Amino acid sequence: MLRLATRTERRDRRTQASCIGGIALVPLFLMLNVVLGCAAVLTPMTPGTNDSLRPDEGLVLGRIHITDSNGDAFTSPRQLFRTSFHMQWRLKDQKSGKEFVIDSLPKDGPFAVKLPTGSYELTALSFDTALGIWQAALPATFTVSSQACTYLGMWELRTKAGFFDGSIVRHVIDQHALAENDLQTFVSDRLVHPMVTELSSSTTSPLLLTFRTQGTELTSPP
């Protein structure tokens, strides 16, 4: 009887541990749901693929250059946040309210993203790291037309990050001639409409870190 009771207790402890483990995963799934929600995740086109555009699509073209707060290039990709990172944009269709996450934007170089036709708002820019997510608000709006290219300019992002917060300044530069060359590396067919330039104003935003700890998220104070 004692041996049977011992086995039963062990089985009960295993069942309890399994339940606790399942409960511990709930905050993580909730966190992912909050971060991505119902957003469609898109990735920039790869240079050299020469993809064509459907009638219900347009192209967003630009360049990104991440520097330190003085405008100087970082000596290492890990220097900014002391770890590797990838950058994301969160966009919202102003008419339908549908959201898109543009994942893995370049740290230094051109990008092209295919989007459904419509008017869009950039609601958040974030840097995803092993420690957590650094997020900034750098508002921008633009329109995507059928089989046309919308040029956003070259974004120089002057960035400074401490342990829990920092700042980012966006300077937008028009490099139209370079953009024409960049465009040819992404699409093979001639676009129906000429390239439309929509340059955002330069702006500054605080960088706030939401860091991960055992399946939960804590945000640094503003």
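Just so it is clear, none of the values below were taken in a lab; they were calculated from the coordinates. Note that the structure is predicted; figures quoted are calculated from it, not measured. With ideal geometry, Cβ positions are generated from the backbone for all residues, glycine too; neighbour counts draw on all protein chains shown.
If I ask for residues that are more than 18 Å from the chain's Cα centre (by Cα) and within 16 Å of residue 61 (Cβ to Cβ), which ones from the range 117-152 would you list?
Passing the criteria: 117, 143, 144, 145, 146, 147, 148, 149, 150, 151.
Quick check on my filter: what residues within the range 90-106 are touching a Phe, Trp or Tyr at 6+ places or on another chain (Cβ under 8 Å) and within 16 Å of residue 127 (Cβ to Cβ)?
Across the range 90-106, the qualifying residues are 90, 101, 102, 105.
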